[in-house]
Structure formats: structure tokens, C-alpha cells
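Encoded as C-alpha cells, the structure appears first; notes follow it.
The values are calculated or read from the model by the stated rules, or taken from the named source; none is laboratory data. Owing to the predicted nature of the structure, the values given are computational and were not obtained by experimental measurement. Every residue, glycine among them, receives a Cβ derived from its backbone with ideal geometry; neighbour counts consider all protein chains shown.
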Amino acid sequence: MKRRLTDLELCEKYDNEIQHTEYVTRIALKLFDRTKAVTGLSQNDKRLLETTCRLHDVSYSENGKNHAYRSAEIVLNEGLSGFTSAERAIIAGAILLHSGRRCRVPAQINMPGFRDREKMLKIAAYLRIADGLDHGHIQSSSIISVKANRTVCEIVVREDIYSANIELARMKADLWESVFKIPVRILHVKKEKISGPRFGTVLTGRESLIEYARKLVCILVRLADDNVEGSIMGVDPECLHDLRVTLRRTKAALRFFKPVLKNTSAGELRQSITKVCDQLSLARDSQVWMEFLREFEAGHFGAGKIAWEDYFSLQQSKNDQCLEDLRHFLQSEEFKKPFRQVSFFARIEIPRLERERGRRMAGLKEFISRRFYKAYEKLPRLEKPFRAMNIEELHAVRRQCRRVRYAAEFASPALGRKALIVEKKLNGVTDVLGKIHDIDVYLQIHAGNSLVVSTELRRHLASARRKAMKKTIRAWRDVNSQRFHKTVASICRIKNKDKADK
């Protein structure tokens with residue numbers, strides 16, 4: 001008779017997403033220990049829960065759409081060593097119920113050896129809450145405290161990155177409340193102030209190189225996803241700004257880790273994100289232009305200027321059409337495509353890559369130091385003053401500074417907080433260069449519909465450009481200083497003085 005595989009052997013055989021399932025396991029067991037006094041479950045039930053959590057997504061690389069059914073099938077047919085047929089049936093049944101925002105328990109569960117329906121439901125109840133708390137697959141939620149009695153179960157969760165984890169856990173607590181007859185309250189607490197990039201609260205610098213890349217990309221995509229609904233509603237312009245910027249960072253992260261992600265779909269994912277960003281740029285540029293016109297109106301044109309009112313009304317109409325087009329796009333398959341691709345990339349390709357090549361790759365800090373310094377070496381050495389550059393030359397400087405800035409962000413959890421000094425200095429350059437670029441585009445495109453409007457707008461834009469240019473020159477002076485070069489060299493541990501002073 002063929003030997004049944006253990007849970008760990010099944011995880012290895014099917015390229016299981018270890019980071020997610022082990023995290024869900026830890027959360028579920030912590031919740032179990034804090035609530036067993038009121039649920040009446042035993043230590044053997046804890047053993048069943050542990051194995052259920054570890055295997056709940058075991059078939060995802062083989063059949064993502066129906067992975068709950070297929071994972072249960074694997075448990076029954078190939079595992080589990082050390083478990084009775086009745087225990088395997090409980091584990092398989094609980095796995096069947098883990099997915100979905102709302103639990104739908106079938107009237108009958110037909111599987112060999114299945115007898116204890118109530119225990120299966122209890123195990124599944126724990127799994128559903130724990131799985132919800134890592135809905136984003138970025139391991140960013142942590143249980144701070146649990147207070148459970150016969151009237152309520154209160155779970156305090158720390159989550160600084162992806163609020164949807166809390167929302168999903170609350171939804172997936174439906175089975176718990178149905179089985180244990182105890183209401184669940186999941187309280188969300190955040191860190192009041194986060195210094196540096198938000199992903200720095202999750203990345204530790206102790207991950208493997210592949211896991212660091214996976215988690216960074218996933219976090220950025222989840223942060224982008226948090227801004228989709230607000231962008232559709234169009235109430236807060238910052239939602240669209242944050243959506244576009246976060247997707248741009250995701251593309252930069254995929255470029256930064258390109259050598260690690262060979263033979264994966266990272267290249268296709270970058271292309272999809274590029275197309276999405278191009279579409280978002282049209283609406284965002286329109287929003288920024290309208291914000292500028294409102295500020296301009298407050299200081300220059302009153303309600304009595306007929307020419308201005310006609311011009312403003314026309315621009316508002318164009319902006320409204322841009323936002324309507326944006327809403328349609330955000331609900332299209334083209335927009336949703338990169339989000340689906342990330343799921344495949346993170347849950348199937350990366351675990352496989354970690355297993356095949358993980359041990360042969362360079363150390364995390366060594367790789368990031370090398371990539372960060374390589375990006376920094378491409379920082380432009382200006383051949384002419386900023387004031388003498390045309391729109392394309394200024395934009396090229398801005399793009400390259402932005403790449404180094406993002407590289408510093410990505411490096412900071414691994415190389416230390418000094419990298420954020422570099423990020424802050426480059427941020428000062430890219431922000432003012434971005435303002436200059438916007439003004440240059442406005443000067444080319446938006447002339448107004450009357451001589452009065454055109455003249456006043458151009459005069460105001462030219463004044464704003466001169467102020468931004470002065471700020472750019474000051475900010476660049478810091479970036480181009482010997483002190484700045486030495487800071488980068490020390491972060492990347494560059495010993496050669498000549499190279500550091502290059």
C-alpha cells in the first residue's frame with residue numbers, strides 16, 4: 001500500500017504558498033489558544049486545525065479557481081500520515097468551507113469516513129477568520145489581544161497596510177458565530193504615525209531574496225487596490241493620485257528585482273501596469289489642471305469675468321468626461337488584469353521559484369546593495385543648467401531621479417533607515433521637477449479661449465515655473481554634494497573611495 005504523505009510533504013509536492021499558509025496557521029492557533037476555554041475544543045482538535053490551515057490552499061498552483069475542492073480531494077486521496085480516516089474527513093470538510101466571503105454549508109457532505117459534522121464546522125470557523133486576516137497574502141495583520149466569554153469574542157488586530165484584511169475577517173466570522181453562538185467583534189488598530197514607506201512595517205530585511213520581492217510587489221498592489229473605490233467615486237482626487245503612484249512603484253519594484261524574477265510573468269505584469277498607468281494619467285492630469293484653475297480663479301478672476309467663466313466651464317466639462325471615462329476603465333477587464341496577474345505571480349510562480357532557485361541566489365542585503373548602487377550610478381550628471389533644459393530633458397532627469405528614489409525606498413527595510421535620507425532628498429527633486437513638467441504641459445496645451453484668459457494664465461504659469469525652478473536648483477545642490485555621495489556609498493558598503501566619490 002502506498003504511504004500517505006505528511007502535510008509538509010504535500011506542501012512541497014504541490015508548490016504550496018508556504019508564507020501565507022504558515023501565517024494563517026499561526027494566527028489560527030493563537031486564536032484557538034485564547035478561546036478554547038469557551039469553545040470546549042481539545043488539544044487533538046488543535047492538531048486538526050493546524051493541519052487544516054497548512055493545507056487549505058495546497059492545490060492552488062494546480063487549480064486556483066476550484067482550489068478548495070481540489071485541496072480537500074488531495075487530503076483524502078494522498079494524505080495524511082498519522083491521521084485516521086475520520087480525522088482526514090474533518091480536515092477535508094473544513095478546507096471545503098474556507099473560501100468565500102459568506103460560508104455556504106452544504107446540507108450533506110459526502111466523503112469517506114465523514115461522521116463528525118460539528119467538529120468539522122468548528123475547525124472551519126477558525127480557519128475562515130485566520131484566512132481572512134491574511135486576505136492580502138502579505139502577512140501584515142497581527143492579533144494584539146483576544147477576550148472571549150459566553151457573550152462575545154473580541155479580537156484586537158493591528159493592521160497598518162491593507163484594511164481589507166479586517167473587512168474580510170469580519171465577513172468570514174459568519175461561521176464562527178453560527179457554530180459557537182458567540183458574536184465576534186474584530187477591532188482594528190493602526191500605528192498612529194508611520195515613518196518611511198508603509199511597506200517598511202511588514203518587510204523586515206530577514207526574508208529570503210525571493211520572498212522580499214514577492215511581499216513588496218504584493219503590498220504595493222494591495223495599497224493600489226485600496227484606492228480603486230475612491231477613484232471610482234471621484235470625491236477625493238488623492239485616491240487617483242495614490243492609485244497611479246502606487247502602481248508606478250509596483251512597476252519600479254518589478255524592474256528593481258528583474259534579475260531575481262527571470263522566467264516568471266513579471267515582464268508581462270509590468271506591461272499590463274504600464275498600460276493601466278497610461279490610462280490613469282489622462283484623468284489625473286485633468287484633475288490636477290482643474291485644481292490649478294480653481295486656485296488661479298480664487299486669486300485672479302472673479303464671478304464677473306464672462307470669458308473666464310466660459311473657459312472654466314469648458315474645462316470642467318472636459319474633466320467630467322475624463323472622470324466618466326475613468327470610471328468605465330476602472331471597472332474594465334483591462335484594469336483588473338494586472339491584479340489577477342499578481343495573484344498568479346505571488347501564489348504560484350514565487351513559491352515554485354523559491355523551491356527551485358532560492359538557495360542558489362545571492363543574499364538579500366548583498367543583492368539590494370548592488371542594485372541600489374547600480375541605480376544610483378545612473379543618476380544624471382548634468383551637462384547644462386536646469387534653466388537651459390527643454391521639457392524632454394527635464395522630464396528625463398525627473399524619471400531617473402524617481403527610479404533612484406524608489407530604489408532607496410525598496411532598500412530601506414534591508415539596508416537601514418539611512419536609505420530614507422536618500423529617498424527624502426530625491427523626493428525633493430522629483431516633486432518640483434514634476435510641478436515644472438505639469439506647467440510646461442499646460443503652457444503647450446491650455447491657452448484659454450480669449451486673449452485675456454490666455455495672457456493671465458500664461459503669466460501665472462510662468463511665475464509658478466520660476467519659483468519651482470529655484471527650488472529645483474536648491475534641491476539638486478544637496479543631491480549632487482559629496483556628503484550625499486558618501487551617504488549612498490556607506491549605505492551600500494562601497495569601500496573604494498574613488499568609486500564612492502564618482
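In table form, for the structure just shown:
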| quantity | calculated |
| --- | --- |
| Qualifying positions in the stretch 128-144 - charged (D, E, K, R) and part of a loop (DSSP other than H, G, I, E, B) | ASP134 |
| 2 or more residues touching a residue at least 40 places away in the same chain (Cβ under 8 Å) and farther than 14 Å from ILE95 by Cα: qualifying helices (runs of 4 or more DSSP H) within the stretch 1-59 | 7-13, 18-39 |
| Residues being surrounded by fewer than 22 Cβ atoms within 10 Å (Cβ to Cβ) and under 20 Å from ARG117 (Cβ atoms) - total across the stretch 49-79 | 4 |
| Residue check for ASN149: touching a residue at least 12 places away in the same chain (Cβ under 8 Å) and within 28 Å of THR246 (Cβ to Cβ) | no |
| Every residue from the stretch 366-392 that is over 30 Å from SER208 (Cβ atoms) and either among the aromatic types (Phe, Trp, Tyr) or surrounded by 15 or more Cβ atoms within 10 Å (Cβ to Cβ) (or both) | PRO380, PHE386, MET389 |
| Given (1) more than 21 Å from LYS36 (Cβ to Cβ); (2) crowded, with 18+ Cβ neighbours inside 10 Å; (3) over 32 Å from the mean Cα position of the chain (by Cα), index of the condition THR84 fails | (2) |
| Residue check for LEU8: closer than 20 Å to ILE123 by Cα, of a type in the set (A, V, I, L, M), touching an Asp or Glu at 6+ places or on another chain (Cβ under 7 Å) and surrounded by fewer than 20 Cβ atoms within 10 Å (Cβ to Cβ) | no |
| Considering residues of the stretch 152-185 that are closer than 24 Å to ARG104 by Cα, under 23 Å from the mean Cα position of the chain (by Cα) and in contact (Cβ under 8 Å) with a residue 60 or more places away in the chain only, the residue surrounded by the most Cβ atoms within 10 Å (Cβ to Cβ) | LYS172 |
| Residues located in the stretch 235-276, provided they are among the small types (Gly, Ala, Ser) and surrounded by fewer than 18 Cβ atoms within 10 Å (Cβ to Cβ) | SER265, GLY267 |
| Residue count for the stretch 132-151, restricted to those that are closer than 22 Å to ASP45 by Cβ and surrounded by fewer than 24 Cβ atoms within 10 Å (Cβ to Cβ) | 7 |
| Output for the stretch 263-278, where each listed residue is of a type in the set (D, E, K, R) and in contact with a Leu (Cβ under 9 Å, 6 or more places away or on another chain) | ARG270 |
| Within the stretch 153-175, considering residues that are modelled with pLDDT under 95 and in a loop (DSSP other than H, G, I, E, B), the one nearest to THR25 (Cα to Cα) | GLU159 |
| Total residues in the stretch 32-86, condition under 20 Å from GLN19 (Cα atoms), touching a strand residue (DSSP E or B) at 6+ places or on another chain (Cβ under 9 Å) and not aliphatic (A, V, I, L, M) | 1 |
| Any hit, the stretch 338-361, residues being out of contact with any helix residue (DSSP H, G or I) (no Cβ under 6 Å at 6 or more places or on another chain), part of a loop (DSSP other than H, G, I, E, B) and either farther than 30 Å from HIS56 by Cα or not assigned by TED's automatic domain parsing to the domain that holds GLU409 (or both) | no |
| Filter result for VAL38 (at pLDDT 90 or above and either small (Gly, Ala, Ser) or touching an Asp or Glu at 6+ places or on another chain (Cβ under 9 Å) (or both)) | no |
